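Here's the structure, in structure tokens; my notes come after.
Nothing in this text is a laboratory measurement; each read-out follows from the coordinates by a stated rule. Just so it is clear, the structure is predicted and the values come from calculations on it, not from any experiment.
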Amino acid sequence: MRSRTGQGRGPCLLSFREEAASWLSRLGSDQWSRPYPADRLLATIEAGTVFMVRDGEAPAATITLTSEAEDGLWSDDELNEPSMFVNKLTVSREHAGQDIGGRLLDWAGDRAYRSAAKWLRLDAWTANDALQRYYLRHRFEHVRTVAEGHAVNGGPRVSGWLAQRPARPADHGFVDETPQPLAG
């Protein structure tokens, strides 16, 4: 596992997202159908919150892990609990079916634990039942769904299925060569 930061990584991560959006579209989901702003992606890369799994030199998966919560999703009481937040978990279709995503969730939970976080949290697409079941199979518990009425960038809230699991040590099998973050 390597943190990939700096210029030149944005196109790779954008192609990951486009591949995932195309695959989701073939499954009948509109998740990630809107283009992701390259400047926002570059900002997350420069912040050091984007991590990439590599198979040799080839990128296999990516995940964003941050102590910053998405605005308007979690209550003040929840935000007072030390937590890390997962988003943009993406596995290359070439590497699908190898449980890399599950191992990345374990890595994130382990990293959150080592950062003194109590929770590993996420928000998922509200209309993607298969994705929600995936997270439930990986020991997340559904907290609630934030429905329409919360606007992000002027649009309706579409990624408001909230889930969490305790942060804990895990044997994920990745070699983590990145500095340890601080929990929020």
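Multiply the residue separation of Asn80 and Asp176 by 0.36 nm, subtract the distance between their alpha-carbon atoms, and state the gained length in nm to one decimal. Don't jump to the answer; show the numbers that get you there.
Values: separation 96, 0.36 × 96 = 34.56 nm, distance 2.78 nm.
Extending this stretch completely gives an extra 31.8 nm.
Please give the contour-minus-distance gain from Asp99 to Thr145: 0.36 nm per residue of separation, less the Cα-Cα distance, rounded to one decimal in nm.
14.0 nm
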